[in-house]
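Bear in mind that the values in this text are calculations on the coordinates, not laboratory data. These numbers come from a predicted model, not from an experiment. Because the Cβ atoms are built from the backbone with ideal geometry, glycine has one as well, and the counts that use them run over all protein chains shown.
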Amino acid sequence: MWQALRNQLHPQGLEIVTIALDVDPEAARQWIEQTKPNHPSLIDSAHRVDELFGVINVPNGVWIDEEGMIVRPVEQAWPERDSAPDWQKMADSPDIPEQLRETLQLASHIVIQPKEYTAALRDWVARGKASQYALPPQEVIGRSGSRGQAEAQAAAYFELGQHLWENGQRDLAPRHWREAHRLQPDNWTYKRQAWSLADAFQGQSELYDSCWVKDVKKIGAENYYPPLNLSPSRAK
């Protein structure tokens, strides 16, 4: 999806950089090698983009202009696609494990806005600073998520768990990831990373208090992503 959009808009000056958030680089590498992207495709094992940009879910996007300034902070980022993804076709299949079927059925109720997001992106590529979707610095800051002591501590605990995992002390990592979950419960990238290492379907395990299905049911699938705020910049 991203590669097709990038190829279409690259002649107008857009470059897309995709970043996989995965403690185990090999888990992401297979997908990158399979799609053979012609844009930069990185793997962030330490989840630094969480810490630096405020990413708490995927896919999230940040717009950065040619001067290196952020003109839209982190938000849900779904490009338009011509057909439904393969996983949606599997959601009602009796041939897949019950836990996976429940996960896919719940995911099908998540509200995304690919048409609106792609239209806004195209407008920015075409009009640059004159686009109503390019925000001035003060508004970027105002729309960005908070970064308090709890978020900073959560980042530290997550990175400590990642260090232990990478250095052969995997049995010690979950305790630090649980603390990251407690400190920043709305950070789905921290949760999903830990859950997926414990269970392929991010299901319930003895290592964590909850799982993807349970936590999504708590908030409602329709609230999984904050809605896009595509109102025009107040400064224009």
Subset of region 181-223, residues touching a strand residue (DSSP E or B) at 6+ places or on another chain (Cβ under 9 Å) and within 27 Å of residue 121 (Cα to Cα), comes to 189
When residues of region 164-207 are filtered for being in contact (Cβ under 8 Å) with a residue 60 or more places away in the chain and touching a Phe, Trp or Tyr at 6+ places or on another chain (Cβ under 6 Å), how many remain?
2
If a residue counts only when it is farther than 25 Å from residue 162 by Cα and among the basic types (Lys, Arg), which helices (runs of 4 or more DSSP H) contained entirely in region 1-77 have at least 1 such residues?
2-9
Quick one: residue 81 ticks every box in (1) surrounded by fewer than 13 Cβ atoms within 10 Å (Cβ to Cβ); (2) free of Cβ contacts under 8 Å to residues at least 60 places away in the same chain except a single one, so which number is it?
(2)
Picked from region 161-215 (must be assigned to a helix (DSSP H, G or I) and hydroxyl-bearing (Ser, Thr, Tyr)), the residue surrounded by the fewest Cβ atoms within 10 Å (Cβ to Cβ) is 196
If residue 26 satisfies all but one of (1) over 20 Å from residue 121 (Cβ atoms); (2) in contact (Cβ under 8 Å) with a residue 24 or more places away in the chain; (3) over 14 Å from the mean Cα position of the chain (by Cα), what's the number of the condition it fails?
(2)
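For every residue, the table says whether it meets (1) farther than 27 Å from residue 195 by Cα; (2) of a type outside the set (A, V, I, L, M); (3) without any contact (Cβ under 8 Å) to a residue 40 or more places away in the chain.
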{"residue": "35", "(1), (2), (3)": "no, yes, yes"}
{"residue": "39", "(1), (2), (3)": "yes, yes, yes"}
{"residue": "56", "(1), (2), (3)": "no, no, no"}
{"residue": "62", "(1), (2), (3)": "no, no, yes"}
{"residue": "87", "(1), (2), (3)": "no, yes, yes"}
{"residue": "113", "(1), (2), (3)": "no, yes, no"}
{"residue": "116", "(1), (2), (3)": "yes, yes, no"}
